[in-house]
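To start, the structure itself, in structure tokens.
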Amino acid sequence: MRSFIKYEDLITEIQGMWNVKAKVLPVITGATGTIPKLLRHYLSNIARKHEIKEVQNKTVIFGSTHALREVLV
């Protein structure tokens with residue numbers, strides 16, 4: 001997990017603010033909705049129940065928002 005050094009400040013802040021243990025879990029989805037084989041494993045490590053469709057939908061929304069900002073700005 002050392003490759004996630006850039007998130008250490010965020011992890012420290014979350015742990016202090018909410019008094020919880022935090023860690024970075026890699027969740028990568030492609031712009032076309034493709035997902036890695038280990039996504040189900042990563043999602044099972046999160047306390048709240050998540051569905052793959054939910055992650056894919058957020059990817060599409062964030063990608064669309066980013067594309068619109070690039071065009072409109």
| task | Filter the stretch 1-24 down to the residues that are modelled with pLDDT of 75 or more and part of a loop (DSSP other than H, G, I, E, B), then identify the one that is nearest to ALA67 (Cα to Cα). | result | VAL24
| message | Exactly one of these conditions fails for ILE35: (1) modelled with pLDDT under 85; (2) loosely packed, with under 13 Cβ neighbours inside 10 Å; (3) among the β-branched types (Val, Ile, Thr). Give me its number. | response | (2)
| query | Which pairs have Cβ atoms under 6 Å, sit 6 or more apart or on different chains, and link a residue in the stretch 1-27 that is more than 22 Å from LEU39 (Cα to Cα) to one that is modelled with pLDDT of 80 or more? | reply | ILE14/ALA22; GLN15/ALA22
| field | Extreme residue, surrounded by the most Cβ atoms within 10 Å (Cβ to Cβ), among residues of the stretch 42-73 that are β-branched (Val, Ile, Thr) and assigned to a loop (DSSP other than H, G, I, E, B) | value | ILE46
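The values are calculated or read from the model by the stated rules, or taken from the named source; none is laboratory data. These numbers were taken from a predicted model, which means no experiment stands behind them. Please note: Cβ atoms are built from the backbone with ideal geometry, for glycine as well, and neighbour counts cover all protein chains shown.
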